[in-house]
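Below is one structure, written out as structure tokens; the observations come after it.
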Amino acid sequence: MSWHPQYRSSKFRHVYGKAASKEKCYDCVPITRNVHDNHFCAVNPHFIAVVTECAGGGAFLVIPIHQTGKLDPHYPKICGHKGNVLDIKWNPFNDFVIASCSEDATVKIWDIPKHLLTRNITSPKKELLGHVRRVGLIEWHPTANNILFSSGYDYKIMIWNLDTKEAVISNPVKILDAHKDVVLSMSFNTDGSLLATACRDRKIRLIDPRAGTVLQVASYKSHRVNKVLFLGNVKKLFSTGTSRWNNRQIALWDQNDLSVPLLEEDLDGSSGLLFPFYDSDTHMLYVVGKGDGNIRYYEISPEKPYLNYLMEYRSHLPQKGIGMMPKRGLEVSACEIFRFYKLIPTKSLIEPISMIVPRRSESYQEDIYPMTTGAQPALTAQEWLNGVNKGPLLVSLRPGSGAVNSLPQFLEPEPLMKTTDLSQHQGWGGRMPLEDMQKPSEIEDRRKQLKVEEKLPKNEQMCLSNGFDIFECPPPKTENELLQMFYRQQEEIRRLRELVNQRDVQIKQLELELRNLCTDTGSY
């Protein structure tokens with residue numbers, strides 16, 4: 001293992017992995033059997049998308065993140081591709097837009113509706129036609145809005161500007177043809193001014209994407225690279241691959257000198273691929289093995305030994321693919337610093353795994369949650385194409401600080417109404433004391449609020465189903481849950497009828513008092 005000093009101070013040395021309970025997993029998901037070496041899963045704070053097994057073309061599922069448990073076998077799919085879907089990626093600045101690429105040589109951009117899917121989506125928002133062979137990789141630019149990179153088996157990387165009104169885009173703004181074989185991996189530096197690629201010719205290339213020039217090439221023969229990753233702003237690259245003896249291997253490189261790796265380490269003799277993930281906020285590196293249940297994690301330091309081994313999460317269930325939740329979707333109250341979504345096709349299961357820093361206090365831990373990448377772009381597409389570089393816009397994860405949600409940009413803005421507000425105004429979600437309901441002033445205020453809510457546009461209520469928000473509370477999935485909801489609604493109707501009867505009695509009492517007052521004044 002990596003050399004590390006006997007005593008080393010670190011707030012992350014006791015980080016542990018915690019698998020979600022069965023009811024918080026996603027069960028009965030038909031995960032793809034495709035052997036392509038990709039994640040097959042993409043996650044954001046609203047949805048989890050997973051490539052699914054499908055006959056006659058390619059498809060993937062988009063499931064609301066809170067809709068855990070068993071999935072309906074007839075759950076709607078996104079199925080507009082004519083070949084197997086090979087990669088899916090959420091737009092980092094719009095949680096309701098996802099890109100997919102396929103063996104049919106196309107890239108498609110999809111709008112995901114806020115309300116619950118009721119039918120298959122077959123028509124994409126945009127279609128990108130440029131590759132002549134299947135497209136295996138897609139990556140969104142980390143800071144510029146609506147810039148997408150795609151890599152195909154025609155050995156070309158294409159840069160697309162989606163800031164156009166056309167539904168079909170045939171001409172990419174730039175084509176990078178520096179590779180002589182299939183590109184296996186792409187990774188951006190923090191501001192997106194540099195692109196690192198791993199190719200099947202066993203070389204790592206550092207490319208200026210706008211100029212199309214290759215700045216550095218690593219052709220180290222004892223390390224056959226599969227995946228490459230930029231390590232934030234520390235000017236280092238991390239790669240996974242195999243050694244001459246076919247052992248799984250990791251390597252660390254200096255961005256300015258790719259001739260020899262700074263560090264090279266054999267892990268084991270397994271044959272599965274290694275997926276690297278880096279958290280620039282905590283400087284932690286995660287290495288996930290395909291075909292096994294292990295997640296190794298390290299801490300990156302600027303000086304030797306550079307790579308400090310922390311721990312390994314082990315599971316007997318092998319993962320085929322893996323998804324990663326952005327930092328703005330984590331549960332900071334539980335000191336969660338990373339979350340994986342593990343695809344287990346043998347059980348048709350998606351299992352969330354939380355990486356947690358053990359802390360006694362339940363308050364916000366500012367030292368493990370520095371300012372992190374937000375959901376707003378730093379640049380427009382045209383600014384980036386014109387040569388402007390800018391780092392990501394940072395936000396705080398402190399609860400109540402706001403600015404961590406991504407707003408739809410392709411969709412028309414649809415303000416969400418909180419379930420709690422509806423339950424307070426309408427009396428559908430939560431129960432109210434009868435004494436409060438009987439006050440005439442409150443009754444009058446509530447009537448006014450109901451009148452205002454009746455005037456709301458229909459699109460503001462699209463995300464509500466039977467009085468609850470599907471993102472906060474998923475709809476019933478079993479017959480038992482459906483019966484419980486039915487009885488709850490029957491009870492609610494009975495209670496409301498009682499309230500109406502009581503109000504009628506109050507009205508009659510007030511009318512009688514008013515008549516008596518009129519009679520008294522008339523007698524005087």
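The values are calculated or read from the model by the stated rules, or taken from the named source; none is laboratory data. All of these numbers come straight from a predicted model, not from anything done at the bench. A quick note on method: Cβ atoms are made from the backbone with ideal geometry, for glycine too, and the neighbour counts reach across all protein chains shown. Remember, those area values only see protein heavy atoms, side chains included, never the ligands or the DNA or RNA. Shrake-Rupley method; radii C 1.70, N 1.55, O 1.52, S 1.80 Å.
The set of residues in region 195-229 that are open to solvent by 10 Å² or more (accessible area, probe 1.4 Å), hydrophobic (A, V, I, L, M, F, W, C) and touching a residue at least 12 places away in the same chain (Cβ under 8 Å) comprises V214, L215, V217, L229.
For region 380-395, the count of residues that are basic (K, R), open to solvent by 70 Å² or more (accessible area, probe 1.4 Å) and either touching a Phe, Trp or Tyr at 6+ places or on another chain (Cβ under 8 Å) or under 30 Å from G289 (Cβ atoms) (or both) is zero. Selection of first residues in region 51-69 that are closer than 15 Å to G80 by Cβ and of second residues that are among the charged types (D, E, K, R) and open to solvent by 10 Å² or more (accessible area, probe 1.4 Å), restricted to Cβ pairs under 6 Å at least 6 apart or on distinct chains, gives the following pairs, ordered by first then second residue: G57/K82; A59/K77; L61/K77. Taking each residue of region 70-83 that is farther than 12 Å from A59 by Cα and looking for partners that are modelled with pLDDT under 90 with beta-carbon atoms closer than 6 Å, six or more apart or interchain, yields K70/K477.
Only one entry in Y286, Y313, Y309 is more than 20 Å from N233 (Cβ to Cβ), in contact with a Phe, Trp or Tyr (Cβ under 6 Å, 6 or more places away or on another chain) and hydroxyl-bearing (S, T, Y), namely Y309. Among the residues of region 12-27, those identified as assigned to a loop (DSSP other than H, G, I, E, B) and open to solvent by less than 60 Å² (accessible area, probe 1.4 Å) are F12, V15, A20, S21, C25. Filtering region 473-492 to residues that are among the aliphatic types (A, V, I, L, M) and at pLDDT below 75 leaves only L483.
Out of (1) open to solvent by 30 Å² or more (accessible area, probe 1.4 Å); (2) modelled with pLDDT of 95 or more, the odd one out for M325 is which? Against the list (1) open to solvent by 30 Å² or more (accessible area, probe 1.4 Å); (2) modelled with pLDDT of 95 or more, M325 comes up short only on (1). State yes or no: is K108 more than 16 Å from the chain's Cα centre (by Cα) and in contact (Cβ under 8 Å) with a residue 60 or more places away in the chain? So K108 does not fit the description; no.
Residues that are on the phi < 0 side of the Ramachandran plot and either hydroxyl-bearing (S, T, Y) or surrounded by fewer than 20 Cβ atoms within 10 Å (Cβ to Cβ) (or both) within region 297-309 comprise Y297, Y298, S301, P302, E303, K304, P305, Y309, listed in sequence order. The set of residues in region 361-379 that are open to solvent by 60 Å² or more (accessible area, probe 1.4 Å) and more than 21 Å from the chain's Cα centre (by Cα) comprises E362, S363, E366, D367. Scan region 236-257 and tell me whether some residue there is over 30 Å from V15 (Cβ atoms), among the hydroxyl-bearing types (S, T, Y) and surrounded by fewer than 21 Cβ atoms within 10 Å (Cβ to Cβ). The answer is no; no qualifying residue exists. Within region 31-70, the residues that satisfy the criterion of being under 18 Å from the mean Cα position of the chain (by Cα), in a loop (DSSP other than H, G, I, E, B) and farther than 17 Å from K347 by Cβ are N38, H39, N44, P45, H46, I65, H66, Q67. If the condition is being touching a residue at least 40 places away in the same chain (Cβ under 8 Å), among the aliphatic types (A, V, I, L, M) and not in a loop (DSSP other than H, G, I, E, B), then region 371-402 contributes L379, A381, L385, V395. Report yes if some residue within region 348-360 is among the polar types (S, T, N, Q), more than 19 Å from T190 (Cβ to Cβ), under 15 Å from the mean Cα position of the chain (by Cα) and in a strand (DSSP E or B); otherwise report no. Checking region 348-360: at least one residue is among the polar types (S, T, N, Q), more than 19 Å from T190 (Cβ to Cβ), under 15 Å from the mean Cα position of the chain (by Cα) and in a strand (DSSP E or B). Quick check, is D191 surrounded by 16 or more Cβ atoms within 10 Å (Cβ to Cβ), modelled with pLDDT under 95 and either assigned to a loop (DSSP other than H, G, I, E, B) or within 28 Å of the chain's Cα centre (by Cα) (or both)? Here the answer is yes, as D191 does meet what is asked.
Number of residues in region 235-269 that are in a loop (DSSP other than H, G, I, E, B), small (G, A, S) and under 15 Å from R224 (Cβ atoms): the value is 2.
Determine whether region 125-144 contains at least one residue that is open to solvent by less than 30 Å² (accessible area, probe 1.4 Å) and out of contact with any strand residue (DSSP E or B) (no Cβ under 7 Å at 6 or more places or on another chain). No, the conditions are met nowhere in region 125-144.
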